[in-house]
Amino acid sequence: MVGSNNMLKWLWLSALVAALDLATKAIASHYLLLYQPVPVFPGFNWTLAHNSGAAFSFLASESGWQRWFFSVIALVVSIGITIWIKRLAPTQTWLAVALALVLGGAIGNLWDRVTLGYVVDFIDVYYQQSHWPAFNIADSAICVGAVLLVIDSFRGERDDATNDTNDTKETKTKNGA
């Protein structure tokens, strides 16, 4: 039962990310005109964009099959992450946060893809004339989650190495070595 409560905590974080993502996309869609930048400060605009492809508009120019292809991938990944979160130990906080962020972002973009046929993007970061592809809160959560996954993988190796060293010392002490 403790694992279920732990899992619910992380699924609430995912739900919060998805809700924040969908709310900000609704606000952007209501107040912004498609592809018309609204300057906020140098290097940052609000710009409404519709992305029918994947990250960086990959496959956006295809005939529409990519909508369902990316939807199925997002659904399968979301189910896999949910199962992974359920199996985490209560001490695996970094990994749980990382997975919850990725899951929340995946759900936010999946909702758009299924209901609209495209993902709503509205954050436009640029330097001089070079613009990063527009993105949204879901994309940000996925990226932060991915970075945390990488950091956790390094932390995990360090923790495992420490545990192995301690286990070896305990074994030698018990055996009189």
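For the range 26-78, give me the residue count where each residue is part of a loop (DSSP other than H, G, I, E, B), aliphatic (A, V, I, L, M) and at pLDDT 95 or above.
The total comes to 2.
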Check your understanding: Which number in (1) within 25 Å of L8 (Cα to Cα); (2) out of contact with any Leu (no Cβ under 9 Å at 6 or more places or on another chain); (3) without any contact (Cβ under 8 Å) to a residue 60 or more places away in the chain; (4) surrounded by 19 or more Cβ atoms within 10 Å (Cβ to Cβ) marks the one condition that A98 misses?
Key -> (2)
Check your understanding: Under the condition of being surrounded by 14 or more Cβ atoms within 10 Å (Cβ to Cβ) and acidic (D, E), which residue from the range 122-170 is modelled with the lowest pLDDT?
Key -> D152
Check your understanding: What pairs come up if the first residue lies in the range 70-90 and is within 16 Å of N109 (Cβ to Cβ), the second is outside any helix (DSSP H, G or I) and not charged (D, E, K, R), and their beta carbons are under 6 Å apart, counting only those six or more places apart or on different chains?
Key -> F70/A54
Revision key, fill the gap. How many residues of the range 12-52 are in contact with a helix residue (DSSP H, G or I) (Cβ under 7 Å, 6 or more places away or on another chain) and either exposed (fewer than 13 other Cβ atoms within 10 Å of the Cβ) or farther than 23 Å from G117 by Cα (or both)? The answer is 1
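The values are calculated or read from the model by the stated rules, or taken from the named source; none is laboratory data. Here the structure is a predicted model, which means the values were calculated and not measured. We place every Cβ from the backbone using ideal geometry, glycine too, and count neighbours over all the protein chains shown.
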